[in-house]
2 protein chains.
Amino acid sequence: MERNLIDWLRWRVSATPSLHLGIGDDAALWEPAAGTELVLTTDMLMDGVDFHVSQVPARRIGRKALAVNLSDLAAMAALPRLALVSVALPVQQGEALARELYEGLLELASDFQVVLAGGDTNSWHGPLVINVALVGEVPTGKAIRRRGAQPGDLILVTGEFGGSIQGHHLDFTPRVQEALLLRDRYDLHALTDVSDGLSLDLSHILAESGCGAELELAHIPIRAAARDCSQASGRSPLDHALGDGEDFELIMAVPPDAAARLLAEQPLEVPISQIGRIIAERGTWGIRNNGTRQPLSAAGWEHRFS
Amino acid sequence: MERNLIDWLRWRVSATPSLHLGIGDDAALWEPAAGTELVLTTDMLMDGVDFHVSQVPARRIGRKALAVNLSDLAAMAALPRLALVSVALPVQQGEALARELYEGLLELASDFQVVLAGGDTNSWHGPLVINVALVGEVPTGKAIRRRGAQPGDLILVTGEFGGSIQGHHLDFTPRVQEALLLRDRYDLHALTDVSDGLSLDLSHILAESGCGAELELAHIPIRAAARDCSQASGRSPLDHALGDGEDFELIMAVPPDAAARLLAEQPLEVPISQIGRIIAERGTWGIRNNGTRQPLSAAGWEHRFS
């Protein structure tokens, strides 16, 4: 890679004291706090799949690359600490693209006090690829897993769903602070984030917990963009909300008392809604306002329900 | 990504108890040992740059993707523990390629008792990209950095240099065990691995330590492959040894007493050679057998010296 990009990146990172770590060695060194577990995740984003370089400013791409990983740590109620960033930059656009990309990423890193601890900067004749590996901390035993849901728990979600492709998938705020606050104040049995789609990500909680769910379809919060998408696709806004994915909201299974308190207190800036309940019977079931009950596909992309 | 690849990968990983961790959650959970620092690194390899899918079995590519990261932890004298693996697989070759790739990677992971703790498996219409992020441990304060070299230290290396492109760059054994043994038995002032080239990687130690080096050019161990490359390139074997890179051997700065003991004991299976000494004067200087002394380019690719 061109030397001056690396020099710029070193300067850019070292100019932010909270982001500086491990520069000048073969690997970063970091001592986590005592009594904590590490939480580790990684995501790779590719031009033409997760974004289109020709249509989106690189700053938003860099931001997204970190944001999707932050959302994975939010899904465990962990505090993000260190990021490792690898890029394959198209030679045609090179340095200008890279700087914009890193600016977007570093801005979000700074917002979440995430240290850029290392990385690998390459150029090639292929399309842009960016990979982030993110390491966080959680007090030992305090991570919220997918596996703890129990029959009788209420299913709560933050925010709204569907139509993320219209912009939300680039500009969402990962629910890190929200997850930490909820973990500290309420008894959460299970937690995940919505990346693949509301019904599919819920099915992961169900599979790991060995139970099922009933969703009250009229209670699922639908993003305005899902209604716009619906007009173009001919599919219902509800179908978009259940299946689109990249909402990066939280799904929680919460015991009834804690859920009632949480819903009454509404402790976050983003609204929290109850969309259903955990049941012993396997599968996901949709309940309509008229009381009809039918199986709901777990796969966000199959759209069996509309 | 196709479901059955993911299922296969889960099975393949879970069939190796030591590799199983964090499957079924949004992120991996891991509690490092008390009194240790973490050591973190990442490397991205791309088709057409770091390997050619059309010319190399995918098994060797997967192996290399982990091996280059293992070498970075060896360069800090750290014990590798967890890997996160992201891939962008070309749709044309898809699953067969992926399985071979992971087999090569998992085999090496098993050899080094590295846990595959998570990852991100994608397919796209671009060339193969694989990223590994690797986390290791070192007792607090025991990592060997680039920065500790002092005038008077001897410069020692493991193995031989040059012509790695003929196969060594795919099949090398990362010097992890070697670095741990050397750290435990000898006083090492500075350490790095040779990825960019012997003279360039040495210059990183010099820059971080604020000193210079004299190399005895006749003492630099030259790989047989470097002589083959020399016949095709017209450049000297020494030039290949100094500049080719991807040797993944260790360079150490060792105080004279410890160095003398180390050279006499030869505690590794691979030979250890003295190639020069650290001096106060900045720059890297080449000494010929006839006593002539001239500046040596730090940049492996500039080949100012031949």
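The values are calculated or read from the model by the stated rules, or taken from the named source; none is laboratory data. Everything numeric here is computed off the predicted structure, so don't read it as measured data. Counting neighbours? That spans all protein chains shown, and the Cβs are built from the backbone with ideal geometry, glycine included. Just the protein is used for accessible areas: all its heavy atoms, side chains included, with ligands, DNA and RNA removed. Shrake-Rupley method; radii C 1.70, N 1.55, O 1.52, S 1.80 Å.
Suppose each label sits 7 Å from its Cα in the direction of the beta carbon; what would the A:Asn4-B:Thr292 distance come out to in nanometres?
The two pseudo-label positions are separated by 3.6 nm.
Across region A:136-145, in residue order, what do the Karplus-derived ³J(HN,Hα) couplings come to in whole Hz, using 6.51 cos²θ - 1.76 cosθ + 1.60 with θ = phi - 60° and x for Gly and Pro?
Values per residue, Gly and Pro as x: x, 10, 8, x, 3, x, 9, 5, 9, 8 Hz.
Run lengths n ≥ 4 of DSSP H only: what is the helix-derived mean residue ellipticity at 222 nm for chain A, with -39500 (n - 2.57) per run over all residues, to the nearest 500?
-10000 deg cm²/dmol
FRET efficiency for A:Ala280 and B:His219, Cβ-Cβ distance as r, R0 = 60 Å, nearest 0.05?
E(calc), rounded to 0.05, equals 0.25.
As a test of the definition: with a 1.4 Å probe, what buried accessible area, both sides summed, do you compute for B against A, in Å² to the nearest 100?
By this definition, chains B and A bury close to 4300 Å².
What are the membrane-span-like helices in chain A by this rule: whole DSSP H runs, Cα extent along the axis at least 18 Å, mean Kyte-Doolittle hydropathy at least 0.0? Present the calculation step by step, with values, prior to reporting the outcome.
Numbers: long enough: A:58-74 (24 Å, 0.10); A:94-111 (26 Å, -0.03).
Correct list, ordered by number: A:58-74.
Roughly how many Å is it from the Cα centre of region B:234-267 to that of region A:223-246, as a whole number?
Each part reduced to its Cα centre gives a spacing of 62 Å.
List the distances, in nm to one decimal, from the label point of A:Gln92 to the label points of the same position in every other copy, shortest first, placing each label point 7 Å from Cα along the Cα-to-Cβ direction.
Distances between equivalent label points, in nm: 1.9.
What figure in square angstrom, to the nearest 10, would you give for the accessible area of A:His52 with a 1.4 Å probe?
Rounded to the nearest 10, the figure is 80 Å².
If amide hydrogens are placed 1.01 Å from N in the peptide plane, which non-local residues have theirs closer than 5 Å to the one on A:Ala213?
A:Ile279, A:Gly283, A:Thr284, A:Trp285
Using a Förster distance of 25 angstrom, determine the FRET efficiency expected from the C-beta separation of A:Leu181 and A:Ala33, and round it to 0.05. Present the calculation step by step, with values, prior to reporting the outcome.
Working: r = 19 Å, r/R0 = 0.78.
Once rounded, the FRET efficiency stands at 0.80.
Summarise the accessible area of region B:58-203 (1.4 Å probe, protein heavy atoms) by the percent that is carbon and sulfur.
Carbon-and-sulfur percentage of accessible area, whole number: 44.
With Cβ to Cβ distances under 14 Å as the rule, what net charge do the other residues near B:Pro271 carry (K, R +1; D, E -1)? Each step should come with its number before you reach the end.
Details: positive: B:Arg175, B:Arg223; negative: B:Glu160, B:Glu178, B:Asp247, B:Glu249, B:Glu265, B:Glu269.
Computed value for this residue: -4.
Mind putting a number on the dipole of chain A about its Cα centre? Charges go on the C-beta only, +1 for Lys and Arg and -1 for Asp and Glu, and I need it in Debye to the nearest 20.
About 440 debye.
Distances in nm, one decimal, shortest first, from B:Gln231 to the same residue in every other copy, taking the label point 7 angstrom along Cα→Cβ.
For B:Gln231, the other copies' label points sit at 7.3 nm, shortest first.
Can you give me the long-range amide H partners of B:Glu246? Hydrogens built in the peptide plane at 1.01 Å from N, cutoff under 5 Å, separation of 5 or more residues or another chain.
Under 5 Å from the amide H of B:Glu246 lie the amide H atoms of B:Ser195, B:Asp196, B:Gly197, each far enough along the sequence or on another chain.
Which semi-axes, in whole Å and largest first, does the equivalent ellipsoid of the protein assembly as shown have when worked out from the alpha carbon gyration tensor as the square roots of 5 times its eigenvalues?
49, 24, 21
If we hang a label 7 Å off Cα along the beta carbon direction at B:Arg261, how far is it from the matching labels on the other copies, in nm, shortest first?
Distances between equivalent label points, in nm: 6.1.
For chain A, modelled as a GNM with alpha-carbon contacts under 10 angstrom, which of A:Glu269, A:Glu249, A:Glu103 fluctuates the most?
Result: A:Glu269 has the largest fluctuation of those listed.
Pull up the DSSP beta bridges for the protein assembly as shown and report the antiparallel fraction as a percent, rounded to 5.
75
Starting from the Cα of B:Arg147, step 7 Å along the direction of its Cβ; do the same at B:Glu107; then give the gap between the two resulting points in nm.
Taking the simple label geometry, B:Arg147 and B:Glu107 are separated by 4.0 nm.
For chain B, what does the relative contact order come out to in percent, with C-alpha contacts under 8 Å and a separation of six or more?
Here the relative contact order equals 22 percent.
Show the residues, 5+ positions off or on another chain, whose built amide H is closer than 5 Å to the amide H of A:Asp120.
A:Val85, A:Ser86, A:Val87
How much accessible surface does A:Cys229 have with a 1.4 Å probe, in Å² rounded to 10?
20
So, R0 is 35 Å and r is the distance between the beta-carbons of A:Glu265 and A:Val56; what FRET efficiency does that work out to, to 0.05?
Working: r = 37 Å, r/R0 = 1.07.
Efficiency, from the Cβ-Cβ distance: 0.40.
Would you kindly derive the ³J(HN,Hα) couplings of region A:45-56 from the backbone phi angles with the Karplus curve 6.51 cos²θ - 1.76 cosθ + 1.60 (θ = phi - 60°), listing them in order in whole Hz, with x for Gly and Pro?
Once θ is set to phi - 60°, the couplings for region A:45-56 become 10, 10, 4, x, 10, 9, 6, 10, 4, 6, 10, 10 Hz.
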